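Data first, discussion second: the structure below is written as structure tokens.
The values are calculated or read from the model by the stated rules, or taken from the named source; none is laboratory data. Please read these numbers as outputs of a predicted model, since none were measured by experiment. FYI the Cβ positions are ideal-geometry reconstructions off the backbone, even for glycines, and counts take in every protein chain you see. Remember, those area values only see protein heavy atoms, side chains included, never the ligands or the DNA or RNA. Shrake-Rupley method; radii C 1.70, N 1.55, O 1.52, S 1.80 Å.
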Amino acid sequence: MKKILITGGAGFIGSHVVRRFVNTYPNYQIVNLDKLTYAGNLENLRDVEQSANYKFVKGDIVDAAFIQDLFDKENFDAVIHLAAESHVDRSITNPTEFVMTNVVGTVNLLNSARTTWKGDYDRKRFYHVSTDEVYGALGEGTEMFTEETSYDPHSPYSASKASSDHFVRAYFDTYGMDCVISNCSNNYGSHHFPEKLIPLSIHNIQQNKAIPIYGKGENIRDWLWVEDHARAIDVIFHKAKSGETYNIGGHNEWTNIDLIRTLCKVMDRKLGKAEGTSEKLITYVTDRAGHDLRYAIDATKLKNDLGWEPSLQFEEGLEKTVDWYLANEKWLNNVTSGNYQSYYEDQYQNR
Ligand code: NAD
Ligand code: TYD
């Protein structure tokens, strides 16, 4: 038996991690703690909410007293920490919220784990889920981020995640707490909130609205199917040595414009439209401030140490993703609540 606290389990990646752990490990008790911000949605977990080994708790990781109380009551063996403010554009508008949730919230969890485990980390683990954005931006060449790459965050989002990573390492170095960290590239797949590039574009194509491409669309991201990320988290959680860091990525780099053109073709085919119809919606808009040019992950260490590799080719993953959104219009309509606008449009119209 193990009791595991998963934070942010109602969000995009968290819901895939919760589902995987609840279904794969019936002998684990999974407690999903989530504040249910705009990005948290219990609809994401309808298929597991009745499971005997699953429980949901609504709460804010910024509330230290509440977190300590929860640890006192539940006596967790492990934490898998995903709760975060996760959208770069929102971090540019409201950095403080990112400091509170991503930095203070993480430190609150570390403190309560430390108090509860009282220096005995045998069969205990604090797993912090982080991002490749902490490494900053790469040039157009072939260089990739490794676990040795120095941190060089540029956005308030990546600065807050970098800070939280440093705190987790500090608790390993200072208190000997059993900690592991993984830094993953951009995820895509089902249940992704439609403010991020791929689900926003799918949503806008469905609504016959403009697809906003920042700058010239030449920025490069390395895309990984979300269920491959959840599987990597499972492997690292169970097999990594304490204090380790692993990069997770898909070896799958795309410029934003090429990715969106490919997506438009898939959407045209699935919606029975003439090829080229959706591409007409592509609209170049003002670039994001401080927009990182390129991310690319070298996941060799994870492959060599723990045998993890991505399972899906991008084209197949994109098809699956589009199929899911087309089959789940209700989910999309619920989160977009009729008059939803992309964050970009919102900010643009309020200028
Ligand atoms: P998300 O925005 O979809 O979900 C975040 C979840 O955290 C939501 O359910 C939200 O309600 C919850 N939350 C936010 N603030 C909270 C608070 N104060 N207390 C409790 N719960 C709170 O994010 P995501 O894309 O699923 O990302 C999950 C984690 O993975 C984050 O830590 C993110 O930095 C990391 N990550 C994301 C990506 C990606 O491509 N999305 C890539 C690498 C790493
Ligand atoms: P996003 O999905 O926000 O992820 P991240 O910023 O964490 O990489 O953005 C992915 C890329 O797409 C990034 O280079 C910004 C760009 N982008 C657009 O061009 N238009 C959009 O409307 C959005 C949301 C993102």
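Here are a few things to note about the model shown:
- The residue among 291, 6, 266 whose Cα reaches farthest toward the positive pole of the charge dipole of the chain, with charges on the beta-carbon of Lys, Arg, Asp and Glu, is 6.
- DSSP-loop chymotrypsin sites (Phe, Trp or Tyr not before Pro) across the range 110-154, with at most 16 other Cβ within 10 angstrom: 151
- Accessible surface calculations at 1.4 Å, restricted to protein heavy atoms, place the range 47-116 at 42 Å² per residue.
- The chain, accessible surface, carbon-and-sulfur percent (1.4 angstrom probe): 47 percent
- When the charge dipole of the chain is built from unit charges on Cβ atoms (+1 for Lys and Arg, -1 for Asp and Glu) and taken about the Cα centre, the candidate among 145, 76, 56 whose Cα reaches farthest toward its positive end is 56.
- Restricting the range 94-188 to trypsin sites (Lys or Arg not before Pro) in coil, as DSSP defines it, with at most 11 other Cβ within 10 Å: 118, 123
- For the range 208-268, the relative contact order comes to 52 percent (Cα pairs under 8 Å, sequence separation of at least 6).
- At the listed q of 0.19 Å⁻¹, the Debye profile of the range 198-351, built from one uniform point per Cα, gives log10 I(q)/I(0) equal to -1.23.
- Given +1 at the Cβ of Lys and Arg, -1 at the Cβ of Asp and Glu and no other charges, the dipole of the range 117-239 around its Cα centre is 480 debye to the nearest 20.
- Linear extension gain, residue 47 paired with residue 309, 0.36 nm per residue minus alpha-carbon span: 91.6 nm
- Pair-distance profile P(r), taking every C-alpha pair of the range 80-239, with 5 angstrom steps and integer %: 2, 8, 15, 19, 20, 16, 10, 5, 3, 2, 1, 0
- Partner lysines whose Cα lies under 27 Å from the Cα of residue 273, excluding those fewer than 8 positions away in the same chain, are identified as 196, 209, 216, 265, 320, 330.
- Net charge dipole size for the chain [Lys, Arg +1 and Asp, Glu -1 on Cβ; Debye, nearest 20]: 760 debye
- Beta bridges by DSSP in the chain, antiparallel share as percent, to the nearest 5: 10 percent
- The range 43-184 - charge dipole about Cα centre, Lys and Arg +1 at Cβ, Asp and Glu -1, debye rounded to 20: 520 debye
- Equivalent ellipsoid, the range 32-77 (semi-axes from 5 times Cα gyration tensor eigenvalues, Å): 21, 16, 5
- Taking chymotrypsin sites (Phe, Trp or Tyr not before Pro) across the range 1-81, the ones in a DSSP loop with at most 16 further Cβ atoms lying within 10 angstrom of their Cβ are 38.
- Residue 140-residue 242 pseudo-label distance in nm [points 7 Å out on the Cα-to-Cβ vector]: 4.8 nm
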